[in-house]
Amino acid sequence: MTLIALSEKFLFSAAAIIFGIGFLYNYFQLKSKGTYSNTLTYLFLLFGFILQSIALNIRAILVQACPLANTFEILQFILWSLVLLFLVIQPVIKIRVLGLFIIFLASLVSAISLLIPSLDSPYAQTFEASNPFIELHASLAIFSYAIYMLLAIISSMLLIQQWGLKKQRFQGLFRHLPAVQKLDSIANVLLWIASLTLFIGILFGSFYWNQYPETVPLLKLLLTTLILISYALVGTLKYFNKITARKQAIACILLFILALLSLGAVQAEKPQVQLPGQSIESPILE
Amino acid sequence: MTSGNEPLLFIIGSSHEQANLEDRETFSLKEDQAEALASDLMQNESIDECLILNTCNRLEIYAVSNKVKSIDDLHQFICSHQTLKGTSFPKYNFIKTQTDAIEHTFKLSSGLASQMIGETEILGQMKQAYTQAKQSKYTKQTLIRLFEKSFQAGKLIRTQTDISRGQVSIGTVALNLANRIFGKLKESRILLVGSGDVSEKTAQALKTKGVTDITVSGRSKDKTDTLAEKFGASSIHFENFKNQIQHFDIVISSTSAPNCVIDYTTIQKAIKSRPNSPLFLIDLAVPRDVEESISKLENVYLYNLDALASIANENMALRKSEIAKATQMIKAQAWNFWLQAFRRSMFQKHQ
């Protein structure tokens, strides 16, 4: 491994440690004092995000493309997008305890992606890297997954708040959760933004696949389209008052789990078609 | 403990400490029933003085007897009275005599025995019960002195300790809960069912929180209109409110009806026409106004008095040292009162 590759792994690990420390510190604050610092959570996430950004940038330089070719990279990219989303929207919308949920998920996903080495499997650089349409397609698709992840988090918060109200729980986390109706409104908006982003992502992909029909990843396309249709269906049913906020929240969490699981199938099916004259083994994995 | 010479002061009662809301509903007496019980007690030759404290959280019978040697007969007499026979009172009650009874009365007046520790409403309720008993000439020297002293003790403990500090009222808890559901309470539509004191206090609390959209519905049209006018609210006919529940976000019920006024079918129908908007029901009545099974409905949140009180008491841990301090003060006050009463009875005997 080269020094640059080592520093990239070190930065990913450092970001994971920052997220972990941030989560544990705030969790114990909440448990012992019944309160936690929003500002500190934000700063932990910001610091972790900076480290993760540098690490992803190094990886992008190494693979000469947007690093989205194996499960490790996809998980890190989704996480990076999620944290970025939070850092941007939080000062504007101010959703209480969202930071705590994000930092928990960031610690968990970072730890999983780093502790299972097989997720960062070697891959052959494909010709996809050279095409702006496919790059844009991949970035938008992953960004939409990050929004879906945020939607799953908001949905979990809504379900926890509803459960707490039904079971009359008021201490600790329950006291800090936002109002049911606020969470519901945010979930409605996120669902459509994520679906629109994914749709545009698929649209850009189709420009490329139109040029190279032999590269159409059938299973990937089918699964992604199915996920998009399912989300759109849930959103439509909710819009026409056919399902309640609770049912929408459950559906959104389940669909996100399915979307994550489908990543495995998508990776397995990923065409290893080499762009003539541009077949490069990922230097970091040599 | 009685030596047999001094009059027997006793309390037979039941409160939230002995009986839950469901059981308390069975012995929640109307004014005329409480009056009938007091009148019958006074006709019992063993009883010289009596006072009935009847609130949504407790039914307590204070009495003094100069003749009875054992409390058991009186206990039996009270529990088998027509207003209490067949209720949960005979099953869930307490008996306190002499110094224990004095201590209990002082605890009650200082808010230490209240469901929401430190609350002040009980003092008003005790004063009201005392005035009624005095007017009916059911009280004499012992109960008059006991209650007068208990009012003093209640005030003293509230001023010398911090038991009432940080006190959260039922109204505040209800409004905090509403905030957890709707976020912006000011934009919520609120229906008050019932036009009594509780509704008035609730309307007052809502107004101070900036709520503007309030509607009142009560059986008495005059009282309903007066209340609505006082708080700039609308009013709807009691017979019609069930058909209009779907238009409200929060329904606060506090009628004195003996049975449920809001049933499962009404809410099920209402929630169907507003599937994406939660409905928050607050039942402040004893007996309860809202059918318990309603809480099972999706998007419906139902809270009754016991639930609200337990939330309000969650900050009680912070006041634990103050409660211990107040309890010590009450013990000292009760003992002083007992000694004074004992000396007085001895002096009267030797005169």
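Which residues make up the longest stretch of chain B clear of GluC sites (Glu not before Pro) that lie in a DSSP loop with no more than 11 other Cβ atoms within 10 Å, not counting the sites? The partial results should precede the final answer.
Working: sites that count: B:Glu45, B:Glu239.
Counting only loop sites that pass the neighbour cut-off, the longest clear stretch is B:46-238.
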Please name which of B:Thr265, B:Asn304, B:Ala101 has its Cα lying farthest along the dipole of chain B towards the positive end, using unit charges on Cβ (Lys, Arg +1; Asp, Glu -1) and the Cα centre as origin.
-> B:Ala101
If you average the sequence gap of Cα pairs under 8 Å that are 6 or more apart and divide by the length of chain A, what percent do you get for the contact order?
-> 24
Quick one: if you stick a label point 7 Å off each Cα along the C-beta vector at B:Arg219 and A:Ile200, how many nm between them?
-> 6.2
Ordered by fewest other Cβ atoms within 10 Å, a rough proxy for footprinting exposure, B:Lys137, B:Lys184 read B:Lys137, B:Lys184
In terms of modelled amide H atoms, which long-range or inter-chain residues lie less than 5 Å from the amide H of B:Asn304?
-> B:Asp283
With both partners inside the protein assembly as shown, how many of the DSSP beta bridges are antiparallel, as a percent to the nearest 5?
-> 50
Amide proton proximity set for B:Tyr138, modelled H, under 5 Å, gap of 5+ | none
Partner lysines whose C-alpha sits under 22 Å from that of B:Lys331, ignoring same-chain residues fewer than 8 away, are B:Lys96, B:Lys107, B:Lys127, B:Lys149, B:Lys155, B:Lys320
Cα centroid separation - the stretch A:152-171 against the stretch B:180-240, whole Å | 28
Can you pull the one-decimal nm distance between simple spin-label points at B:Asp40 and B:Thr97, each 7 Å off the Cα toward Cβ?
-> 2.3
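Between A:Ile116 and A:Tyr27, what length comes free when the chain is fully extended (0.36 nm per residue of separation minus the Cα-Cα distance, one decimal in nm)?
Between A:Ile116 and A:Tyr27, full extension yields an extra 29.5 nm.
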Residue-by-residue Karplus 3J(HN,Hα) for the stretch A:21-28, coefficients 6.51, -1.76, 1.60, Hz, glycine and proline x = 4, x, 5, 4, 4, 5, 4, 5
Once both axes come from the Cα atoms, what is the angle between helix B:221-230 and the longest principal axis of chain B, in degrees from 0 to 90, rounded to 10?
-> 80
Separation of alpha-carbon centers, the stretch B:28-62 and the stretch A:173-252, rounded to whole Å = 65
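Given the -39500 (n - 2.57) contribution per DSSP H run of 4+ residues, what per-residue ellipticity at 222 nm results for chain B, rounded to the nearest 500 deg cm²/dmol? Let's see the in-between values first.
Numbers: 12 runs with 158 residues, N = 351.
Helix-only estimate at 222 nm: -14500 deg cm²/dmol.
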Which residue, A:Val63, A:Val180, A:Val92, tops the fluctuation ranking in a GNM of chain A built on C-alpha contacts under 10 Å?
-> A:Val92
Gain upon complete extension [A:Ile193, A:Phe240; 0.36 nm per residue less C-alpha separation] | 15.1 nm
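No value in this document is a laboratory result; all are computed from the given coordinates. Here the structure is a predicted model, which is why all the values come from computation and not from measurement. With ideal geometry, Cβ positions are generated from the backbone for all residues, glycine too; neighbour counts draw on all protein chains shown.
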